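Structure, as structure tokens:
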């Protein structure tokens, strides 16, 4: 398990500023990215399959969480529940663990707890079958309490959303550099010029790829689009990483504020890189399908 983020305990105490945590967690042999944000009295939870890039996301207010825990017979206040979730994600306590279940898995778990035999499987809607349940498991002396959090399926990352995030990062970096006066502005203009050169080069590569793949049939279009998006995002993320390193090396004025902003930007860059890796995995699959199609 690899993780990074900010403890949710402060959010449980203050409840006035968002606090977040992101970790890589292995569920039943498959690596997933788990992102948690506590904002006021709302818990936001997202799970992403690292191999397929499929995402599930849910939001839960304090009343939902406390009602859920009450139904299990082991009531927990919202802030306590958030702290338990953080401990499970960071694996800092042996009494709390996590699991990720399908609806069928959850029904089987309920049948076992009730001591009954599973009945015939009824037809389920596609929406229900695609949903996942993040299970927070609390182990006490003679029992195990399961708190299921339903996560509707969100699909795969949208390249348009990733591009919007990158634009936002660029604007934020520009604002930070503006705090350092004319020298910083000159540096920003130089970096923007280099960034534009990279964009121009990527646009040229994009046109070449379009020309090469133009002769492919309609089934290959998805692979071409994924490759273009992945290459473009990789170049932009690389450029933003360079800008961020240069920004950290600028003068000492406003260093405390810039340090905090840079840490936040580094987190957002990591999320963009994770989404880019997901796109590349999708591209690899599509290219394999294209190769099989061409051989056929």
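Observations on the model:
- For the stretch 57-94, a residue qualifies if it is in a loop (DSSP other than H, G, I, E, B) and crowded, with 18+ Cβ neighbours inside 10 Å, and exactly one does: 76.
- The numbered conditions (1) modelled with pLDDT of 90 or more; (2) farther than 26 Å from residue 50 by Cα are all true for residue 133 except (2).
- Residue under evaluation residue 293, criteria (1) surrounded by 15 or more Cβ atoms within 10 Å (Cβ to Cβ); (2) in a helix (DSSP H, G or I); (3) modelled with pLDDT under 75, criterion not met: (1)
- In summary, residue 44 fulfils each of the numbered conditions (1) in contact with a helix residue (DSSP H, G or I) (Cβ under 8 Å, 6 or more places away or on another chain); (2) under 17 Å from residue 152 (Cβ atoms) with the single exception of condition (1).
- Test for residue 98: is it within 30 Å of residue 232 (Cβ to Cβ) and at pLDDT 90 or above: no
- As for the stretch 60-75, it holds no residue that is in contact (Cβ under 8 Å) with a residue 24 or more places away in the chain and within 19 Å of residue 275 (Cα to Cα).
The values are calculated or read from the model by the stated rules, or taken from the named source; none is laboratory data. In this text the structure is predicted, and so the values were computed from the model without any measurement. With ideal geometry, Cβ positions are generated from the backbone for all residues, glycine too; neighbour counts draw on all protein chains shown.
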